[in-house]
Each structure stands twice: as C-alpha cells, then as structure tokens.
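J.: I'd like to ask you about the structure that follows.
Taken together, the values in this text are just the output of simple stated rules run on the coordinates, not laboratory data. Being a predicted model, the structure only gives us computed values, none of them experimental. Note that we place each Cβ from the backbone using ideal geometry, even for glycine, and neighbour counts take in every protein chain shown.
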Amino acid sequence: MEDREQRLNEVAGIAVALEKQTGCPARLMIAQWALESEWGAKPVGHSNYFGVKKAARHTQCCTVTTHEFVNGKSVVENLEFADYDSLADSCSDYAWLITNGSPYQAAWEHFRQGHDLSALIASVARVYATDPGYTHLAEAIANQANVTQAIAHAVQGGVSATIGAQPTPIT
C-alpha cells in the first residue's frame, strides 16, 4: 500500500502544478490516472498513465492489447497508444488534451463557466472511455479521502513537481 500512496502523492504533486498552469482539475487527472494505470502500477506502454491513444501529435507509440466496450460488449482489440518519456510528460499531455483538445472543447468551456467537476468527468468519459461504468468510477475516485489528502498535501508544498513553464502536447 505504501507504494500506491507514494505514486498517488507523486501524481498529486504534478496534477496540482498542472492545475495551477492550465486549470485542468487535479481531481480529474488523478481519477483518470488511477483508472487507466491501476493507481500508477500499470502504465500502458512507456509512461502512458492516462490511456491516451496515439494521435498525430505523438511521435512515440506502442501497440497494446486492450479491452474496449463495443455495442455494450467487452471486446479485445490491438490499439496504438502514445508513449511518453515520464509521468510528468504523460500528465502534461493529458492536461493539454482536456483543455485544448477538440473532442473536449465544449466540455472544457462548460467547466470553465461553472466549475462543475461532475459534469466535466461525465463529458470526458463520454468521449474518453468505452466502459459504461467509467463516469461513476472516475467520480468516486475523484472524491475519495486519500485523493483529497494527497491534493491538500501537494497544495501545502509537501510534494514538489517539476513541470515546464507551459505544458505542451507531445509532438
């Protein structure tokens, strides 16, 4: 359990720094990270902790066998996922994707107006995830006590994160 706590504290430090820079909620980043990487234990490929599929902006990628839901049924597919140099790069690209990526533009603008995290999680899940239970799981994780504690610890300066001045997408 200690390793999980350490991983949570590390990602919380990065997520809090990115929230200050981009506005992307640390709770959203942590929930996505926890779901997609089993609390940081199993990234997809190299340092892809968010399950980000390969896009034109990515220069590094890998093919991974994954489970997706198609027409309500779980299927196994081989899909291309982005690879990153580090956890910080993975987090930074995810924050950029949510705050600048075209599939999330409407959800992001809606969030900026009302700061409704539940609505943002639901909107992101509709595009990001194929699992019909994803929204519920992400919201439950975002509201867990350990997540709240890790964020508070990071905000108070208990965790230092090295993030570039402006997070940029991987190109």
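J.: By count of other Cβ within 10 Å, fewest leading, how are Glu10, Glu5 ordered? Working shown, then result.
T.: Details: Glu10 18, Glu5 13.
Listing Glu10, Glu5 from fewest to most nearby Cβ atoms yields Glu5, Glu10.
J.: Same structure again: Could you check which residue among Ala138, Ala107, Ala56 shows the biggest mean-square fluctuation in a GNM of the chain with a 10 Å Cα cutoff?
T.: Evaluated over the chain, the most mobile residue of the options is Ala56.
J.: Rg and Dmax of segment 5-68, Cα atoms, in Å?
T.: 12.5, 35
J.: So, one more: Using 0.36 nm per residue of separation minus the Cα-Cα distance, give me the extension gain between Arg57 and Glu38 in nm, one decimal. Intermediate values should be presented prior to the final figure.
T.: Values: separation 19, 0.36 × 19 = 6.84 nm, distance 2.53 nm.
Between Arg57 and Glu38, full extension yields an extra 4.3 nm.
J.: Under a plain spin-label model, where a point goes 7 Å from the Cα along Cα-to-Cβ, how far apart in nm are Phe69 and Asn100?
T.: Result for the modelled spin labels: 3.1 nm.
J.: Please check: in the Gaussian network model of the chain (C-alpha springs, under 10 Å), which one of Val44, Val70, Val147 has the largest mean-square fluctuation.
T.: Val70
J.: What is the order of Cys91, Cys61, Cys24, fewest Cβ neighbours within 10 Å to most?
T.: Values: Cys91 30, Cys61 18, Cys24 26.
Least crowded to most crowded, the residues run Cys61, Cys24, Cys91.
J.: Relative contact order (percent) for segment 1-78, with alpha-carbon contacts under 8 angstrom and 6 or more residues of separation? Provide the component values of the computation, followed by the final result.
T.: Values: 67 pairs, mean separation 13.5, N = 78.
17 percent.
J.: Can I ask one more? Tell me, Thr99, Thr66 in order of fewest to most beta-carbon neighbours within 10 Å?
T.: Values: Thr99 18, Thr66 15.
Fewest to most other Cβ atoms nearby, the residues stand as Thr66, Thr99.
J.: What is the projected area of the convex hull of the Cα atoms of the chain, averaged over all directions, in nm²? Could the numbers behind the result be given before it?
T.: Working: hull surface 38.5 nm².
Answer in nm², one decimal: 9.6.
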